[in-house]
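Participant: This structure is in structure tokens; I'll ask about it shortly.
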Amino acid sequence: MIYFDNSATTKISPEVLTTYDTVSQKIWGNPSSLHNFGEEAWNLLEQARQQIAKLMGVKPSEIIFTSGGSEGDNWVIKGTALAKHRFGKHIITTSVEHAAVRNTMAQLEELGFEVTYLPVDKEGRINPADVKAALRPDTILVSIMAVNNEIGTIQPIKEVGEILKDYPNVHYMVDAVQAIGKGLDDLVFSNRVDFATFSGHKFHAPRGTGFVYAKSGRKLSPLIDGGGQERTMRSGTENTPGDVAMARAIRLVKENEAATVKNEQAIKERIYDHLKQFDHVRIFSGRNAGFAPHVLCFAIIGVRGETIVHAFEEQGIYISTTSACSSKKHAEAGTLAAMKVPENEATSAVRISLGDQNTLADADKFNQVFDQLYAGFQKIID
């Protein structure tokens, strides 16, 4: 089996699973309990927080544990709206955000907030000048993803941050779910970014884990109220084994990050260079530094994306349509639509997303299978 769907989810690593099992069995006290068993769990949780903070180059108090990327996105957006609605109800985002951001914005619009959706160019990238032009006295939040989950475009996070230095009261959020372990920490944690969201299952941690980087001094209302955990910012009994396991997963990812990025880029380029030879193939992802190393989106024009996915699956290769969160709904890809890609091409789009377990041999096998499938699709294409 070749698994090329790592942007949808990754397999929990054996070392991380061992950590999860050990903590679950041996340190299962509630971190909020006053007895020694609870204190032991609390200390372990704080060690995990400190480890993540050190690896990310931020303060431990700026790491808030969550259940994943969707919760993090919802919290920062709605938490900003709750905290700052007296000062304004205008938000700026892009037309290519993940559904967790896009649908949250739509919900706020129903409550009277106004959202500006920035257009993108043919590579799915916004123009920082459009951010500056959209800013208003009542703007409270700018939300821009670091790496597009459908085609891998890297957004100009730093350039937007430079603009926002002149607007210190505007919150700046980055959805960094697809960015961790891809050599982009300097981008995500640039000085002007106030909030960044992460999801554990994208980097071999257990599902249901994640965290938000929340810069000290930035006001944000909680989304989940209750017992006051996570310094009242995210109530609910902490997922001690999951969060400790996630900290180990991040450490393992960071230890091998440079080699992983180099390997993923090499695999991507080998497949990219092969695909570009075919007349009925359109590639939406770039192979340059403006795109993440692990995502490659393409279409065989005239063949529906789900047909391509199942054809590869029959050969033991797992890819996806452009987003696991929307693939079963058969919806036109949001990013490709925003790029003004014709509908017949967008509905043919599929995504390869690489992980640290993939090899160049996997790329060669993919290319071999592609040749066979492409030949079989000729009666559909022609």
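Participant: Too long at a 28 Å Cα-Cα cut-off: which of LYS78/LYS132; LYS122/LYS182; LYS84/LYS122; LYS59/LYS122; LYS132/LYS219; LYS158/LYS340? Mind dumping the intermediate values first?
Facilitator: Numbers: LYS78/LYS132 23 Å; LYS122/LYS182 23 Å; LYS84/LYS122 34 Å; LYS59/LYS122 38 Å; LYS132/LYS219 23 Å; LYS158/LYS340 26 Å.
Cα-Cα > 28 Å for LYS84/LYS122; LYS59/LYS122; rest within.
Participant: Right, something else. Loop only by DSSP, 10 or fewer other Cβ within 10 Å of the Cβ. Give me the trypsin sites (Lys or Arg not before Pro) in region 105-137 that pass, ordered by residue number.
Facilitator: Answer by residue number: LYS122.
Participant: Which option, (1) 30, 59, 12, 0; (2) 26, 55, 18, 1, 0; (3) 29, 55, 16, 0, is the value of P(r) over Cα pairs in 20 Å bins from 0, in percent that was calculated from these coordinates?
Facilitator: (3)
Participant: Of ALA299, ASN288, ALA176, which is farthest towards the positive pole of the chain's charge dipole, taken about the Cα centre with +1 and -1 on the beta-carbons of Lys, Arg and Asp, Glu respectively?
Facilitator: Ranked along the dipole, the leading option is ALA176.
Participant: Search the structure for amide H atoms under 5 Å from the amide H of VAL115, placed 1.01 Å from N in the peptide plane, and list their residues when 5 or more places away or on another chain.
Facilitator: Amide H neighbours of VAL115, under 5 Å, 5+ apart: ILE91.
Participant: Also, quick follow-up: Using only protein heavy atoms and a 1.4 Å probe, report how much of SER190 is accessible, in Å² to the nearest 10.
Facilitator: Its heavy atoms expose roughly 20 Å² to the probe.
Participant: I would also like to ask the following. If r is the Cβ-Cβ distance from LYS165 to LYS379 and R0 is 51 Å, what FRET efficiency results, to the nearest 0.05?
Facilitator: 0.35
Participant: In addition: If I model a spin label as a point 7 Å beyond the Cα along the Cα-Cβ vector, how far apart are those points for ASN30 and ALA133 in nm?
Facilitator: 5.5
Participant: Can you tell me the FRET efficiency between ALA266 and ARG207 if r is taken as the Cβ-Cβ distance and R0 is 30 Å, rounded to the nearest 0.05? Walk me through the numbers on the way to the answer.
Facilitator: Details: r = 29 Å, r/R0 = 0.96.
Between ALA266 and ARG207 the formula returns 0.55.
Participant: Show me 166-172, 47-53 ranked by packing, highest mean number of other Cβ atoms within 10 Å first.
Facilitator: Per-residue mean Cβ counts within 10 Å order the peptides as 47-53, 166-172.
Participant: Okay, next question. Can you pull out the trypsin sites (Lys or Arg not before Pro) in region 158-217 that DSSP calls coil and that have at most 15 other Cβ atoms within 10 Å? Intermediate results must be reported in sequence, preceding the final value.
Facilitator: On the way: sites: LYS158, LYS165, LYS182, ARG192, LYS202, ARG207, LYS215; in loops: LYS165, LYS182, ARG192, ARG207, LYS215.
Qualifying residues, ordered by number: LYS165, ARG207.
Participant: What does the charge dipole of the chain about its Cα centre add up to, to the nearest 20 debye, if the Cβ of each Lys and Arg holds +1 and the Cβ of each Asp and Glu holds -1? Walk me through the numbers on the way to the answer.
Facilitator: On the way: 41 positive and 46 negative charges, 140 e Å.
Result for the chain is approximately 680 debye, rounded to the nearest 20.
Participant: Could you calculate the FRET efficiency of ASN288 with LEU55 from 1/(1 + (r/R0)^6), where r is the beta carbon distance between them and R0 is 41 Å, rounded to 0.05?
Facilitator: E(calc), rounded to 0.05, equals 0.90.
Participant: Before I look further, what does region 30-76 give for accessible area per residue, probe 1.4 Å, in whole square angstrom?
Facilitator: 45
Participant: Work out how much length ALA258 to LYS365 would gain on full extension: take 0.36 nm times their residue separation and subtract the Cα-Cα distance, in nm to one decimal.
Facilitator: 36.1 nm
The values are calculated or read from the model by the stated rules, or taken from the named source; none is laboratory data. Keep in mind that this is a model prediction, so the values were computed, not measured. Every residue, glycine as well, gets a Cβ built from its backbone with ideal geometry; the counts of neighbours run over all protein chains shown. In case anyone asks, the SASA skips ligands and DNA or RNA and just uses the protein heavy atoms, side chains included. Shrake-Rupley method; radii C 1.70, N 1.55, O 1.52, S 1.80 Å.
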